[in-house]
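The values are calculated or read from the model by the stated rules, or taken from the named source; none is laboratory data. As the structure is a prediction and not an experimental result, all values here were calculated from the model. Positions of Cβ are backbone-derived with ideal geometry, glycine not excepted, and every protein chain shown enters the neighbour counts. Just the protein is used for accessible areas: all its heavy atoms, side chains included, with ligands, DNA and RNA removed. Shrake-Rupley method; radii C 1.70, N 1.55, O 1.52, S 1.80 Å.
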Amino acid sequence: MMEKPSDFVIPIRSRIACKHDGIAAELARRIRSGLLTGKLPGVTRLAQEYSVNPLTVCKALDALEQQGLIERRSRIGTFVKYKKRIGIFFLTRKQMAQANGPARWQPLLPALYNIVSEGISAVIGARQFSMLIQSVNPDDEAYVQYLKNEVDGAVILHAGDGVNEQDLKLFSDLVYVRAMGQSTGAGAFSHVTYDNPLTGTLAGEFLRRQQCDVVVYIGGLRLTLGQERMAAFRKAIGDLPLEHLELDLGELTISQFIAAGTERVRDILTRAAGKKVGFFISGDVYTAPIYQILRSLGREPVTDVPLVSCDNNYYFLHGLHPLPPEIDIQAYEIGRRSAELLLRLLDRQESEPAPVERILLQPILRDGMLN
């Protein structure tokens, strides 16, 4: 049976004979792992649990107080002072432009990673740990060092905006798990992500089943992830004619995207008159503007024009009707599994080195009406 926070039941095999330093080490382990929180049992009860003299327990508590793990409150009791803090760091060199004044760094995670962050928070919150959520420019080494000093471990979201795996070496002295991004076999770090090429394969197979005559890939190829999706999609559609709208909302405003996209989509539909045209929207960030473009051209998304979107990110899909068929990259599960892996690493780091773990989740094609 798993231990629960503040569930202070010591199995007989775990009892420590009579050394105050051993008792202090056991209590410290429970505090650091989040299994012991709030008010500690009294000295008398602890002495009974460990089968030792109360003076031995007092010496153990003295040691914990010196380590800053507990605090004694006169006439009230002894309380856990230490609270583990987990970082959620989004690595990016990309800046947000401002209408007036210089560009600034993004203060929190972008919407693209909000669902991953929710999965992380669910696990971390259940352990009653605090969290520090920040976007981080790897070039700002002083700030990186400050963040490392503020947390016990971190889940690092690797964006790809001018960031590479060399930047992860800045965190080599911190217990961390990388989440999202391209799956690679290299690197001495644990990593949880999804099979990105499979997203392109699922999309291509879906549009072939819709008996499309022409297919359109929507999205930029600036990042390696986009290039992977496109390559897998191209292979999956076989000999079907392929059009590419290389429009990237990482570089264009929404109004620019819609203006350029409307002209391109109109041209494609005109040239493919009488043929069935299907769309692979490579990221949900593009879905709402593509709906607007199609409707401005008299076409109804999903019902008139077969399409499939990717990521299953409800921050971008909210309010769309009908919802598109969707390739779910399991972002929430990636966050949850990353946090669970990080906590396992933190629990083990003091006793033995933990092996590097790689977790690759499989995207799932979901019907838009069932999302």
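Quick test for you: out of Val192, Val151, pick the one residue that is touching a Lys or Arg at 6+ places or on another chain (Cβ under 8 Å) and closer than 19 Å to Pro363 by Cα.
Values: Val151 fails: closer than 19 Å to Pro363 by Cα.
Step by step, each of Val192, Val151 is checked, and only Val192 is touching a Lys or Arg at 6+ places or on another chain (Cβ under 8 Å) and closer than 19 Å to Pro363 by Cα.
Mind listing whichever residues of the range 33-46 are part of a helix (DSSP H, G or I) and surrounded by fewer than 19 Cβ atoms within 10 Å (Cβ to Cβ)?
Val43, Thr44, Arg45
Exactly one condition in (1) out of contact with any Cys (no Cβ under 6 Å at 6 or more places or on another chain); (2) within 27 Å of Glu333 (Cβ to Cβ) is not met by Ser282; state its number.
(1)
Which residues, counting only those in the range 110-128, are within 22 Å of Lys84 (Cα to Cα) and among the small types (Gly, Ala, Ser)?
Ser117, Gly119, Ser121, Ala122, Gly125, Ala126
Provide a single number: the residues in the range 128-143 that are closer than 17 Å to Val163 by Cα and open to solvent by 30 Å² or more (accessible area, probe 1.4 Å).
Residues of the range 128-143 that are closer than 17 Å to Val163 by Cα, as a first pass: 134-141, 143.
Restricting the remaining residues to those that are open to solvent by 30 Å² or more (accessible area, probe 1.4 Å) gives 134, 139-141, 143.
Final tally of qualifying residues: 5.
Report, by residue number, each residue of the range 326-350 that is assigned to a loop (DSSP other than H, G, I, E, B) and open to solvent by 20 Å² or more (accessible area, probe 1.4 Å). Step through it out loud before you land on a result.
Let us first name the residues in the range 326-350 that are assigned to a loop (DSSP other than H, G, I, E, B), namely 329-330, 349-350.
Selection gives Gln330, Gln349, Glu350.
Is it the case, given these coordinates, that Tyr315 is surrounded by fewer than 24 Cβ atoms within 10 Å (Cβ to Cβ) and either touching an Asp or Glu at 6+ places or on another chain (Cβ under 7 Å) or among the β-branched types (Val, Ile, Thr) (or both)? Lay out the reasoning, then the answer.
On the way: surrounded by fewer than 24 Cβ atoms within 10 Å (Cβ to Cβ): yes; either touching an Asp or Glu at 6+ places or on another chain (Cβ under 7 Å) or among the β-branched types (Val, Ile, Thr) (or both): no.
Taking the combined requirement at face value, the residue does not satisfy it.
Looking at the range 134-152, is at least one residue assigned to a loop (DSSP other than H, G, I, E, B), within 17 Å of Leu342 (Cα to Cα), at pLDDT 90 or above and among the β-branched types (Val, Ile, Thr)?
Looking through the range 134-152, at least one residue is assigned to a loop (DSSP other than H, G, I, E, B), within 17 Å of Leu342 (Cα to Cα), at pLDDT 90 or above and among the β-branched types (Val, Ile, Thr).
So, in the range 351-365, of the ones that are modelled with pLDDT of 95 or more, of a type outside the set (Val, Ile, Thr) and in a strand (DSSP E or B), which residue ends up most open to solvent (accessible area, probe 1.4 Å)?
Filtering first and then ranking leaves Leu360.
Condition (residue is at pLDDT 95 or above, of a type in the set (Lys, Arg), open to solvent by 10 Å² or more (accessible area, probe 1.4 Å) and not in a loop (DSSP other than H, G, I, E, B)) applied to the range 283-305: is it met by at least one residue?
Yes, the range 283-305 contains at least one residue that is at pLDDT 95 or above, of a type in the set (Lys, Arg), open to solvent by 10 Å² or more (accessible area, probe 1.4 Å) and not in a loop (DSSP other than H, G, I, E, B).
Could you count how many residues in the range 62-79 are of a type outside the set (Asp, Glu) and either out of contact with any strand residue (DSSP E or B) (no Cβ under 6 Å at 6 or more places or on another chain) or over 27 Å from Phe129 (Cα atoms) (or both)?
Narrowing the range 62-79 to residues of a type outside the set (Asp, Glu): 63-64, 66-70, 72-79.
Applying the additional criterion that residues be either out of contact with any strand residue (DSSP E or B) (no Cβ under 6 Å at 6 or more places or on another chain) or over 27 Å from Phe129 (Cα atoms) (or both) yields 63, 66-69, 73-76.
Counting residues in the range 62-79 that are of a type outside the set (Asp, Glu) and either out of contact with any strand residue (DSSP E or B) (no Cβ under 6 Å at 6 or more places or on another chain) or over 27 Å from Phe129 (Cα atoms) (or both) gives 9.
From the residues in the range 153-174 that are small (Gly, Ala, Ser) and part of a loop (DSSP other than H, G, I, E, B), which one is most open to solvent (accessible area, probe 1.4 Å)? Write out each step before concluding.
To start, the set of residues in the range 153-174 that are small (Gly, Ala, Ser) comprises 153-154, 159-160, 162, 172.
Okay, now just the ones that are also part of a loop (DSSP other than H, G, I, E, B), so 159-160, 162, 172.
Numbers: Ala159: 11, Gly160: 29, Gly162: 53, Ser172: 95 Å².
Top of the filtered list is Ser172.
For the range 268-282, give me each residue that is open to solvent by less than 70 Å² (accessible area, probe 1.4 Å) and not β-branched (Val, Ile, Thr).
Filtering the range 268-282 for residues open to solvent by less than 70 Å² (accessible area, probe 1.4 Å) gives 268-269, 272, 277-282.
If the condition is that a residue be open to solvent by less than 70 Å² (accessible area, probe 1.4 Å) and not β-branched (Val, Ile, Thr), then Leu269, Ala272, Gly278, Phe279, Phe280, Ser282 are the ones that fit.
For the range 172-214, give me each residue that is farther than 22 Å from Pro325 by Cα and of a type in the set (Gly, Ala, Ser).
Ser172, Ala179, Gly181, Ser183, Gly185, Ala186, Gly187, Ala188, Ser190
Scan the range 25-39 and report the pairs whose first residue is closer than 17 Å to Cys58 by Cβ and whose second residue is assigned to a helix (DSSP H, G or I) and not aliphatic (A, V, I, L, M), with Cβ atoms within less than 8 Å and a gap of 6+ or a chain change.
Glu26/Ser14
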